[in-house]
Amino acid sequence: MFVSLRAMLVRLAATLGIAAFLAVPARADQKFIAAVFHFNVQYVAGGLEGFLPLGLEQVFPGWELNHEEVEDMIIVESFEPVVDLYLRHPGWGVDLELQGRFIEILAERHPLILNKLIALVERGDASVVSFHYSDQLFIGYPAPAWERSVGLTKQVFEDVGVELSTTVFCQEGQAGTGMARAMEEHGYEMMVWPKNLWRYQHGDLPADPVYEFGDLLMVQGSKGVNYNSGELRLEWSFLGDGELLATCDLDPYFPPLFKANDACIAEYEDNLEDLEADGWDIAKVEEYAQAALDLLGAPVEPPPLFDGTWQPDSTNGPYKWLGGAGIWRPQERDNHVRTLGEIAYREVMAAETAAEAAGLDVADKLRDAWRILSLGLVTDGTGINPYQGEVLYAVGHLAEAARIARDIIDAAKLELDLPEARIDTAAGTVTSSPDKTDIPPADEPPFEIHVKSKHRAVTEEWFVYSEDPPKYRVDLTVEAARGGVLAVVFPGDKESVTFTPALMDDTLVTYDLDDFVFERWPMPLPNGLISLADGWFLVKDMAYTHVAAFISTVKDDVVFRDDTITQDSQFTWRFYALKTDADTALAFANALNVYPTLDR
């Protein structure tokens, strides 16, 4: 990690009370310009076939590209020009963020561009940032899904010969404090946290030069720094969708216009040249962070931060991917896609367990299942404005991952001579399925909930799993109707909330909501768990319900909402309510959503 010799000496001197132990060097102001280009080869997941309304494909020939043509267009028209720009300027540093699949495609179809990228990295001028194989919604799913994804990514980088950066920035600016431990375990060292996600939670305050992130470092991405009257300065020339720089802010949904523009590239290049002439260092983020750490001696402790994405004002945090509608609302189906993601995840987990128990040689099939699952969990399957092709891309990949998994499970059952198998992914065991027992209905609910569903009838049914400690299940069966919105309001606590951060399924944290400035915040709940009022915990069954949970600093409620209910669909939302200690609630949530037991 980033700990310089001077920083260690500063800490030692402070500990021993001998600040004069170190000679104070003459002040030398440092000025840095950083840039993070986020490239997404799944920008239009699945391509543009079917994007135009029926008949218009004849009016605009060449618009409806297949997925490979869109990928190639992104690489040639937007990625290569940025690589070329920095190749022209030895000594300029840049961070290029992309997914593992992007590197695979470069190796498969664009080896010359890959060689340019490798040359830039080997020269020390580029940091290739990657935290996931697919641009997936990892803050919305259990940690093992990301673990397999980052494993695929690291293997791709190793196979292709590209050095993987220790800096982290993610698709849609996904960020969460639970990433710190996961990053450290996988050799990452520094987090770029989006400034708008920070501002939405704590207000628009000046940024400190560098923060601690667990035992690692963090900077506020795209937030300028002016420390000690200019002794250390940081400005950002770019942080956003890298596809937009070379194409004058046009995106890949418009292929006739999505072309590299020499004038826009030259304007950006000229601005950097002027800044360099004025004494600014065009640097990688890690180079700035090291200078900041050298100067401060130790990073600053950040405030508590919720999981989220980089533009919470326009996306309502992660809600846009977990229930929030976009401009093609009739084509969206957030809960359907996200619950299918959980179902496929459970099947692949079970297949991994069953294959091990049966001694099957299916490592390649399991790798394919995890790879395809990662692709299916892509953010664009439910947001920001997914058209039907992107929805179907997600559904198709998730269904295929589940199919591969179930084939493996069937083979394992045959090998183990088990017509019916109980697969315990936590214990790693496969046994004969026990007889099913009926769960009795509750005489009355343990507390009142409010269901809001315009145009649709909803049946509320409670079931008793145990009375001591109290554990209930509630099923909300929603009848078919045209359109509508579904919202369920549970009794919450506006004073505090207990939950599990993304990538930390085994850990609960409690935040005091007085520490935040927002009125409502959507929680992705990657293992389904959240605290309610009066000592209750709620767990959403993510195979039935996987939309965001809104907490509030002004009202005592927790609200689950889906604005993307499709016409004439009938479905069930399912939750579990437990009045017990936090550790027991956490174990229940993980046994349901993270390390499930499946009967197959």
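The values are calculated or read from the model by the stated rules, or taken from the named source; none is laboratory data. Everything quoted here is computed from the prediction, not taken from an experiment. Because the Cβ atoms are built from the backbone with ideal geometry, glycine has one as well, and the counts that use them run over all protein chains shown.
Annotations for the structure displayed:
Residue-wise test of (1) among the aliphatic types (A, V, I, L, M); (2) surrounded by fewer than 17 Cβ atoms within 10 Å (Cβ to Cβ); (3) outside the structural domain of Ile139 (by TED's automatic domain parsing).
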| residue | (1), (2), (3) |
| --- | --- |
| Arg482 | no, yes, yes |
| Val488 | yes, no, yes |
| Asp506 | no, yes, yes |
| Val517 | yes, yes, yes |
| Asn527 | no, no, yes |
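- Checking Arg346 against (1) farther than 27 Å from Lys154 by Cα; (2) more than 16 Å from the chain's Cα centre (by Cα), the condition it does not meet: (1)
- The residue list Lys540, Lys494 contains one member that is buried (at least 18 other Cβ atoms within 10 Å of the Cβ), basic (Lys, Arg) and in contact with a helix residue (DSSP H, G or I) (Cβ under 9 Å, 6 or more places away or on another chain), which is Lys540.
- Among the helices (runs of 4 or more DSSP H) confined to segment 42-141, the ones with at least 1 residues that are at pLDDT 95 or above are located at 67-74, 80-87, 100-109, 111-122.
- The listed residue being surrounded by fewer than 22 Cβ atoms within 10 Å (Cβ to Cβ) and either among the polar types (S, T, N, Q) or within 30 Å of Leu234 (Cβ to Cβ) (or both), out of Leu85, Leu65: Leu85
- Selected residue (only one of Asp568, Asp534 is among the acidic types (Asp, Glu) and modelled with pLDDT under 95): Asp568
- Taken as a whole, the condition of being farther than 30 Å from Glu185 by Cα, within 23 Å of the chain's Cα centre (by Cα) and of a type outside the set (A, V, I, L, M) applies to Tyr253.
- Some residue of segment 199-212 being free of Cβ contacts under 8 Å to residues at least 40 places away in the same chain and within 20 Å of Ile384 (Cα to Cα): no
- Taking the conditions (1) at pLDDT below 95; (2) of a type outside the set (Lys, Arg); (3) assigned to a loop (DSSP other than H, G, I, E, B); (4) assigned by TED's automatic domain parsing to the domain that holds Val558 in turn, Ser466 satisfies each one other than (3).
- Criterion: touching a Lys or Arg at 6+ places or on another chain (Cβ under 7 Å) and either surrounded by 24 or more Cβ atoms within 10 Å (Cβ to Cβ) or not aliphatic (A, V, I, L, M) (or both) - qualifying residue of Asp562, Asp568: Asp568
- Hits in segment 439-463 - residues which are touching a residue at least 24 places away in the same chain (Cβ under 8 Å) and not in a loop (DSSP other than H, G, I, E, B): His450, Val451, Lys452, Ser453, Val458, Phe463
- Taking strands (runs of 3 or more DSSP E) as the structural unit, those lying wholly within segment 496-553 and holding at least 1 residues that are of a type in the set (S, T, N, Q) and in contact with a Leu (Cβ under 6 Å, 6 or more places away or on another chain) correspond to 496-499.
- Checked against (1) surrounded by fewer than 17 Cβ atoms within 10 Å (Cβ to Cβ); (2) out of contact with any helix residue (DSSP H, G or I) (no Cβ under 8 Å at 6 or more places or on another chain); (3) small (Gly, Ala, Ser); (4) modelled with pLDDT of 95 or more, Ala426 passes all but condition (2).
- Test result for Ser466, under 30 Å from the mean Cα position of the chain (by Cα) and small (Gly, Ala, Ser): no
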